[in-house]
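Here the structure is laid out as structure tokens; the discussion comes afterwards.
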Amino acid sequence: MDQLMTVTQVSRVCGVSTRMLRYYEKAGLLSSQRREDYAYRVYTPGDVTRLVQILVLRKLRIPLKDIALILQEKDPSRRQAVFHRHITRIDQETEALGLIRSILLRLMAHTGDPSLLLRPEITMLTDALAPETTHLKEDASMAELNNASQVLDEKHNVRIVHLPPYTVASYHYIGAEPEEIVGERGIRFVQESRLYEHKPDSRMFGFNHPNPGVLEDGIHGYEEWFTIPEDFPLPDDFTRQRFPGGLYAVLTIRFGDFHHWLTLNRWVEESEEFDIDWRGDESTMGGCLEEHLNWVRSAHLGSPGDGSEGQIDLMFPIKRKTT
């Protein structure tokens, strides 16, 4: 680690996507620099060390806001307080899981009959669990111990959405850091064309094209679509396409939580109403889309940071099951 490393090199060495690297930078946890004689951002050995610390803390289930405090706080007692708070949370979750395990063992010992759930010895135990969570209740006068992100049995609000047909302006790039290059070009397009003024309801969708791992050299591509009026003029490096629309299962995430693609995939696979409706091949994510909510408005206004950005809809193509 005695030399500067590119984004791609850091991504491979540390096992983290380039998208997550940008997310950590945006959150103020990580820094990089641009050299005048080099086209891409680079990281120093100190930056890479910092990234390793971030990744270890994330694996310990420390949220980003607390990671920032741990890495930046000079007062040891305040850092210790963060770890103590999370140890307390783990202890509470462990107690809740122990109770759940005890209940399940009793049910299993009695053949798993659902009617047993009404027996007093079972309801007495489950009464110690808060509704729709796996955390133990406390006295009614005390505040809830944890927020929704700490609930073990996480609930995901998957929506069913039908997208209408759109005319879209498409920009596509294959190479190192494709999301960053495509994103920067998209911002310039929105600002220079004043797209938001012509179409305030314009939407931006993105997807891998091709996916990582498809090409032998390890690079991948990314493509963005901007919904536009039919006759909207386009720069030479954009193409006009017709998106046919369709039915999608949709899950909203915060930027960076892309592991929930697996959550959404599993939801569709287990659905009793819907089947996967692949549209395209592996190289284009099978028709899956990422809609960056409020992105066109945000780009038009120069990313105001008013809370309207940073949310993404993961969109999985589906169709109703046939009987």
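The values are calculated or read from the model by the stated rules, or taken from the named source; none is laboratory data. All values reported here derive from a predicted model rather than from experimental measurement. Heads up, the Cβs are rebuilt from the backbone with ideal geometry, glycines too, and the neighbour counts pull from every protein chain shown. Keep in mind that these areas ignore ligands, DNA and RNA; they rest on the heavy atoms of the full protein, side chains included. Shrake-Rupley method; radii C 1.70, N 1.55, O 1.52, S 1.80 Å.
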Test result for residue 61, of a type in the set (D, E, K, R), open to solvent by 70 Å² or more (accessible area, probe 1.4 Å) and in contact (Cβ under 8 Å) with a residue 12 or more places away in the chain:
yes
Just for region 175-205: of the residues that are touching a His at 6+ places or on another chain (Cβ under 7 Å) and either β-branched (Val, Ile, Thr) or in a strand (DSSP E or B) (or both), which one is farthest from residue 283 (Cα to Cα)?
190
Does residue 180 count as open to solvent by 20 Å² or more (accessible area, probe 1.4 Å), of a type in the set (Asp, Glu) and under 21 Å from residue 261 (Cβ atoms)?
yes
Considering (1) part of a helix (DSSP H, G or I); (2) farther than 26 Å from residue 28 by Cα; (3) open to solvent by 100 Å² or more (accessible area, probe 1.4 Å), say which one residue 80 fails and leave the rest.
(2)
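Restricting attention to region 227-263, which residues are among the polar types (S, T, N, Q) and in a strand (DSSP E or B)?
Pass one, region 227-263, residues among the polar types (S, T, N, Q): 227, 239, 241, 252, 263.
Residues satisfying the conditions are 227, 239, 241, 252.
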Please find, among 92, 53, the residue that is part of a helix (DSSP H, G or I) and over 22 Å from residue 29 (Cβ atoms).
92
Being hydrophobic (A, V, I, L, M, F, W, C), closer than 21 Å to residue 171 by Cβ and surrounded by 14 or more Cβ atoms within 10 Å (Cβ to Cβ) narrows it down to one residue among 274, 238; which is it?
238
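For residue 12, are the conditions met, namely being touching a residue at least 40 places away in the same chain (Cβ under 8 Å), touching a helix residue (DSSP H, G or I) at 6+ places or on another chain (Cβ under 6 Å) and either open to solvent by 20 Å² or more (accessible area, probe 1.4 Å) or part of a helix (DSSP H, G or I) (or both)? Quick ask: steps written out before the conclusion?
Values: touching a residue at least 40 places away in the same chain (Cβ under 8 Å): yes; touching a helix residue (DSSP H, G or I) at 6+ places or on another chain (Cβ under 6 Å): no; either open to solvent by 20 Å² or more (accessible area, probe 1.4 Å) or part of a helix (DSSP H, G or I) (or both): yes.
Criteria not met by residue 12.
Report, by residue number, each residue of region 279-295 that is part of a helix (DSSP H, G or I), open to solvent by less than 60 Å² (accessible area, probe 1.4 Å) and not small (Gly, Ala, Ser). Let's see the steps before the verdict.
Residues of region 279-295 that are part of a helix (DSSP H, G or I), as a first pass: 282-287, 295.
Checking the rest, the ones that are also open to solvent by less than 60 Å² (accessible area, probe 1.4 Å) come to 283-287, 295.
If the condition is that a residue be part of a helix (DSSP H, G or I), open to solvent by less than 60 Å² (accessible area, probe 1.4 Å) and not small (Gly, Ala, Ser), then 284, 285, 295 are the ones that fit.
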From 73, 154, 132, 93, residue being at pLDDT 75 or above, closer than 23 Å to residue 263 by Cβ and among the acidic types (Asp, Glu)
93
